[in-house]
Amino acid sequence: MILKGRSIMYGDVEGYAVKCEHPVVILGDIDEREGTACGKPIYGKIFVFPRGAGSTVGSYTLYGLKFYGKAPLALILEEAETIVAAGAIISKIPTVDKIDISKIRGGDFIRIRGDIVEIISEHPHS
């Protein structure tokens, strides 16, 4: 399945999706030293969530993931508000928004090329 969105930070990556169903409070839901979000490991994965929430410090939390070597491969969102967009850009984390994330399940194998998100294979137990 191919989904077309808007590229916030260009990327050409592929990997497994980790999904959080609710908006992510960047400062509270992400542990930058552990590489987790919503209690799930996101390091080396494609992190899928509806939108970010919280203060401007969230941009630096995303940067912290990169700084500690625990960043996700990419971010896929319904709406990347300014805090997530700025964090993705300063951290050079490929990011695509304007995606219907209801089409993506945790464990799906995904390829991102610019503004195109392709679900290569669906997780059998999602």
Once every DSSP H run of n ≥ 4 in the chain is given -39500 (n - 2.57) and the sum is divided by its residues, what mean residue ellipticity at 222 nm do you get, rounded to the nearest 500 deg cm²/dmol?
-5500 deg cm²/dmol
Amide H proximity to Val18 below 5 Å, modelled H, separation 5+ or other chain, gives Ile46, Phe47, Val48, Gly107
Averaged over all directions, how much area does the convex hull of the C-alpha atoms of segment 11-62 cover when projected, in nm²?
3.7 nm²
Sort Tyr68, Tyr10 from largest to smallest accessible area, using a 1.4 Å probe on the heavy atoms of the protein chains.
Tyr10, Tyr68
Using the per-residue mean of other Cβ atoms lying within 10 Å as a proxy for protection, in what order, highest first, do the peptides 112-121, 28-37 fall?
28-37, 112-121
Karplus ³J(HN,Hα) for segment 82-91 (6.51 cos²θ - 1.76 cosθ + 1.60, θ = phi - 60°; Hz, whole; x = Gly/Pro) runs 4, 5, 5, 4, 4, x, 5, 5, 5, 9
Which of the following values of volume of the Cα convex hull per residue in Å³ was calculated from the structure shown: (1) 102; (2) 131; (3) 81?
(3)
Rounded to whole Hz, the Karplus (6.51, -1.76, 1.60) HN-Hα couplings of segment 46-53, x for glycine and proline:
9, 8, 10, 7, x, 6, x, 9
Under a straight-distance cross-link criterion of Cα-Cα below 16 Å, which lysines are reachable from Lys70, leaving out those fewer than 8 residues away in the same chain?
Lys40, Lys45, Lys92
Among all the lysines, which ones have a C-alpha under 17 Å from Lys98's C-alpha, if same-chain residues fewer than 8 places away are not counted?
Lys4, Lys19
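The values are calculated or read from the model by the stated rules, or taken from the named source; none is laboratory data. For clarity, every value in this text was computed on a predicted model and none was experimentally measured. We place every Cβ from the backbone using ideal geometry, glycine too, and count neighbours over all the protein chains shown. Just the protein is used for accessible areas: all its heavy atoms, side chains included, with ligands, DNA and RNA removed. Shrake-Rupley method; radii C 1.70, N 1.55, O 1.52, S 1.80 Å.
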